[in-house]
Amino acid sequence: MRALSNPRDVAPGPIPISSVQVGFDEEQLVLEVLRSGRLAQGPMVERLERMFCELVGSRHAVAVSSGTTALVAALEVLELEPGDEVLTSSFTFVATLNAILEAGAVARFVDIDDDFVMDPDALEVAVTPRTRVIMPVHLYGLAADMNRITAVAASRDCHIVEDAAQAHGARVGDRAVGAAGLGCFSLYATKNVAAGEGGVITTDDDRLADRLRLLRNQGMRARYEYELAGHNYRLTDLHAAVALPQLARLQALTDARRRNARRLTAGLKGIPGLTTPRELPDRSHVFHQYTVRVDASATRTRDELAEALAERGIATGIYYPRSVYQYDCYRDHPQVQATATPRSDQAAREVLSLPVHPHLTIEQIDRIIDSVRSTFDA
Ligand SMILES: *Cc1c(COP(=O)(O)O)cnc(C)c1O
């Protein structure tokens with residue numbers, strides 16, 4: 001591993017918001033693929049799928065080309081009719097919304113709770129007879145309230161597609177995210193498992209898994225025998241080879257994220273107007289992002305904090321600056337049904353993500369804490 005282990009190498013240099021470290025194991029596996037001459041989907045992809053089955057506890061895992069195509073494919077195999085609705089969180093990355101549109105469904109939105117994920121009370125009110133799919137997002141790595149969401153889905157006869165792009169390994173009780181229906185993961189370069197690009201769909205349903213495999217490969221069962229109009233959503237063995245060793249060390253990487261988050265939370269206690277992210281007893285947080293709120297009672301604005309940290313070489317992120325549908329390109333979109341989502345609008349004004357990635361040193365974390373405290377004179 002190319003180490004950041006010597007603190008003199010890093011302090012007081014810039015602290016990035018995310019950092020991927022691929023080492024010897026990834027290099028060996030990528031070399032193995034290159035030397036095999038088999039660059040597209042092959043045995044590495046199969047190994048990756050087996051590891052996702054283990055991670056999620058699902059019968060099947062189907063690797064695809066991205067988290068976005070995972071979401072599109074998951075919706076497509078549910079064979080929605082035009083006008084069918086997918087209910088998702090109003091506070092998410094735009095891929096969640098774009099996937100719904102690509103699959104031909106109508107997107108409607110459920111406001112978030114204090115922890116930035118779909119509010120089950122708001123969900124109960126939002127379900128209509130046209131709702132076919134409920135698509136919670138485990139934002140920042142915090143598992144949404146799947147017990148209540150699953151109960152609503154069951155009572156209203158809806159499917160569940162989980163957007164777990166940011167939540168590899170998060171759990172609700174003893175169940176992993178991605179196990180409630182169709183689970184969609186991303187392997188994009190900044191995610192908790194990073195292949196560059198890539199995605200995975202998990203499910204216990206044999207028939208859906210079979211259709212996902214067809215859909216991924218032009219709808220082809222045997223050579224040039226097409227059963228449905230498909231896509232090229234295949235993942236390459238090169239990408240799978242980059243993801244595999246990270247998946248093997250995922251627990252350690254997640255533990256490091258949690259450790260970093262807890263140190264940040266302890267250090268940022270008691271700053272007026274600043275709220276740190278909660279960890280809940282029964283829904284685990286894998287800290288894809290560590291996101292604080294800066295509300296109107298703070299002595300500096302969110303944007304002033306971001307600027308002050310940038311001046312000290314500390315990168316931050318605003319995920320996300322608006323509720324997902326509040327852009328001109330969605331305003332008159334026939335498949336987008338906007339409703340008022342005041343809590344996600346407020347979050348968009350207040351959130352700031354601080355570095356929490358597993359390769360931070362204690363010195364870097366303490367520098368982040370000191371910089372935030374001094375910005376607020378706290
Ligand atoms: C990254 C992400 C996606 C899309 O994944 P890609 O691999 O980038 O296509 C979808 N939803 C959320 C919440 C994400 O963070």
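A few remarks follow.
- Residue pairs meeting the criteria (Cβ under 9 Å; at least 6 apart or on separate chains; first assigned to a helix (DSSP H, G or I), in the stretch 92-112; second within 11 Å of the ligand (Cβ to nearest atom) and among the aromatic types (Phe, Trp, Tyr)): 94/320
- Test set (1) open to solvent by 50 Å² or more (accessible area, probe 1.4 Å); (2) within 13 Å of the ligand (Cβ to nearest atom); (3) of a type outside the set (S, T, N, Q) - residue 91 fails condition number: (1)
- Odd one out for residue 153, checked against (1) surrounded by fewer than 24 Cβ atoms within 10 Å (Cβ to Cβ); (2) among the small types (Gly, Ala, Ser); (3) within 13 Å of the ligand (Cβ to nearest atom): (3)
- Among (1) of a type outside the set (Ser, Thr, Tyr); (2) over 30 Å from residue 84 (Cβ atoms); (3) open to solvent by less than 80 Å² (accessible area, probe 1.4 Å), the one test that residue 338 misses: (2)
- Residue in the stretch 303-320 that is more than 29 Å from residue 256 (Cβ to Cβ) and either more than 17 Å from the chain's Cα centre (by Cα) or open to solvent by 60 Å² or more (accessible area, probe 1.4 Å) (or both) present: yes
- Scope the stretch 19-42; condition touching a Ser or Thr at 6+ places or on another chain (Cβ under 8 Å) and either in a helix (DSSP H, G or I) or more than 25 Å from residue 289 (Cβ to Cβ) (or both); matching residues: 39, 40, 41, 42
- Residue 239, sole failed condition from (1) in contact (Cβ under 8 Å) with a residue 24 or more places away in the chain; (2) open to solvent by less than 50 Å² (accessible area, probe 1.4 Å): (2)
- Residues of the stretch 195-226 that turn out to be within 22 Å of the chain's Cα centre (by Cα) and among the polar types (S, T, N, Q), as a count: 2
- Scanning the stretch 113-134 for residues that are in contact with a strand residue (DSSP E or B) (Cβ under 8 Å, 6 or more places away or on another chain) and in contact (Cβ under 8 Å) with a residue 60 or more places away in the chain gives 115, 116, 119, 126.
- The single condition among (1) in contact (Cβ under 8 Å) with a residue 40 or more places away in the chain; (2) within 16 Å of the ligand (Cβ to nearest atom) that residue 138 does not meet is (1).
- Meets criteria (in contact with a Phe, Trp or Tyr (Cβ under 7 Å, 6 or more places away or on another chain) and open to solvent by less than 10 Å² (accessible area, probe 1.4 Å)) for residue 123: no
- Residues of the stretch 54-88 satisfying the condition of being away from the ligand (no atom under 14 Å from the Cβ), of a type in the set (A, V, I, L, M, F, W, C) and in contact with a Ser or Thr (Cβ under 7 Å, 6 or more places away or on another chain): 56, 61, 87
- Taking the numbered list (1) open to solvent by less than 10 Å² (accessible area, probe 1.4 Å); (2) within 12 Å of the ligand (Cβ to nearest atom); (3) in contact with a strand residue (DSSP E or B) (Cβ under 6 Å, 6 or more places away or on another chain) in turn, residue 189 passes all entries but (1).
The values are calculated or read from the model by the stated rules, or taken from the named source; none is laboratory data. Bear in mind that the values here come from a model prediction, so they are computed numbers and not experimental data. Don't worry about glycine lacking a Cβ; one is built from the backbone with ideal geometry, like all the others, and counts go over all protein chains shown. The area values use the complete protein model at the heavy-atom level, side chains included, leaving out ligands, DNA and RNA. Shrake-Rupley method; radii C 1.70, N 1.55, O 1.52, S 1.80 Å.
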